[in-house]
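What follows draws every value from the coordinates through simple rules; no lab data is involved. Predicted model, so just to flag it, every value in this text is computed and none were measured. Reconstructed Cβ throughout: ideal geometry from the backbone, glycine too, with neighbour counts over all protein chains shown.
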Amino acid sequence: MTRPHDDVLDGQREADLQRAARALLKEPLLTADGPHADAFRLVRRHASELREWFERNVGWTLRTDADAARLRKTPGTLTDATHAAREVGRAGLPFTRRRYVLLCLTLASLERGESQVALGRLAEHVVLAATDPELASAGIMFTLERRDERLDLAAVVRLLLRLGVLRRVAGDEEAYISGSGDALYDVRRRVLAGMPAARRGPSLIDAQDFEERMVEMTAQTALDSDELRFRAIRWKLTRCLLDDPVLYYDDLADDELAYLTRQRGFITARISELTGLVAEVRAEGIAMVDPLDDLTDVRMPEQGTHGHITLLLAGHLARADAPVEPRKLASLVRELAVQHGGFWSKSAREPGAEPELVEQALVKLVALGLVVRTDRGVVPRPALARYAVGAPVVKEAAPDRPQGSSTRPTPVDAEMTAKDEK
């Protein structure tokens, strides 16, 4: 017979396992002395169960040791460019193409280097590696003599510091950028070794086209049986549900849609059990909704000027029955500034700021799977319907209440109601 305290312990264990899984999904690389040290200890405690779940359901491997825990994630959609590496800091701007190249060259230099490295010395190694003829033929060149190039290298180093690949010993990056000093780092080789997540090393791949290289880097073994093919489909679907805001049925191949139709309940239940995400199933697709709202790097709605503009544009696009050109959205922002500009930042109200404001909003809407860009303009996707705004509904004032009753003031006379289409 199960005793009450056994139930309590089982419940606590399940809660800890869920917290550990969520921590890995948010930060696939955790270190023992990093900002998420408590989560690292949870992952270490439940490493066996986590490793088995991720390998069976998504094909991701989990490596843990005394220094770090690394979940090697492979995306379900290789062409999705919205999960960018971002600079460390309040702005959190996505990495540019040059910064990605610098990141790869920096990791290669650290792999061949010593256990300690100065930033100036690291820069010399990166410049030398950048002389590769293939990089030159692609139009990529680094001298790190210009301030903007040194800023890019500093952004790469700060990302590696946040991930725990490097540990600052002395100095700082600002001194290097300004040319007035240097910085010294310990190289944590075990953490560095866990950085690659590809199944095959890039140097072993002959394909030149970027998309072909991505496919080969993440390719599974030969799928020569129904069991292996079904497993590959299950892995892809589960990866998409874990990583992407929405899984649309229209984006799936026929065999993938047929498998999801049969196994939807099993797949979503397994995800919910491990992560606490709740499946929202609609006619167009599935979204795994997070009741805690912390398993996302892009939020909507969001406070501030850009969040407000994005929400207003979403409502407009949700009502559109044809592609909308970005220039028309810019015109709309100019009109909205007259009505709402008092709540916006000064820079957002400046003439000519509209195209940039529209671009920032579209980047977020695309990342959330709410719109897609086409040659004809911006096209809303079904999930955007939740942001469609209906006609105002006039509410009558509440009748007078008996003296002494407690009540809040009558709500505003009219409210906007959102359509949540099925």
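Brief remarks follow.
- Take every Cα pair under 8 Å whose residues are at least 6 apart in sequence, average their separation, divide by the length of the chain, and the relative contact order is 12 percent.
- In the chain, helices alone account for a calculated mean residue ellipticity at 222 nm of -14500 deg cm²/dmol, with every DSSP H run of four or more residues adding -39,500 (n - 2.57).
- Cα shape, the range 4-72, gyration tensor, a/c 1.5 rule: oblate
- Pair-distance distribution P(r) for the chain, from all Cα-Cα distances in 10 Å bins starting at 0: 4, 16, 24, 25, 19, 8, 3, 1, 0 percent.
- Residues Asp10, Asp16, Asp375, ranked from the fewest to the most other C-beta atoms within 10 Å, line up as Asp375, Asp10, Asp16.
- Between the helical axis of 4-26 and the longest alpha-carbon principal axis of the chain there is an angle of about 70 degrees.
- When each of Glu216, Glu87 is scored by the number of other beta-carbon atoms lying within 10 Å, the sequence from fewest to most is Glu216, Glu87.
- Beta bridges assigned by DSSP with both partners in the chain are antiparallel in approximately 100 percent of cases.
- Crossing angle, helix 305-318 versus the chain [Cα axis fit, 0-90 degrees, rounded to tens]: 60 degrees
- Rounded to the nearest 10 degrees, the inclination of helix 226-243 to the longest alpha-carbon principal axis of the chain is 70 degrees.
- Think of the range 305-393 as a dipole: +1 on every Lys or Arg Cβ, -1 on every Asp or Glu Cβ, centred on the Cα centre; then among Ala361, Ala383, Val372, Ala383 lies furthest on the positive end.
- Glu335, Glu256, Glu280 arranged by Cβ crowding within 10 Å, fewest neighbours leading: Glu335, Glu280, Glu256
- A simple charge model with +1 on the Cβ of Lys and Arg, -1 on the Cβ of Asp and Glu and nothing else charged puts the dipole of the chain at about 560 debye relative to its Cα centre.
- Near Ala85, the amide H atoms lying under 5 Å from its own belong to Phe95; only residues 5 or more places off or on other chains count, and H is placed 1.01 Å from N.
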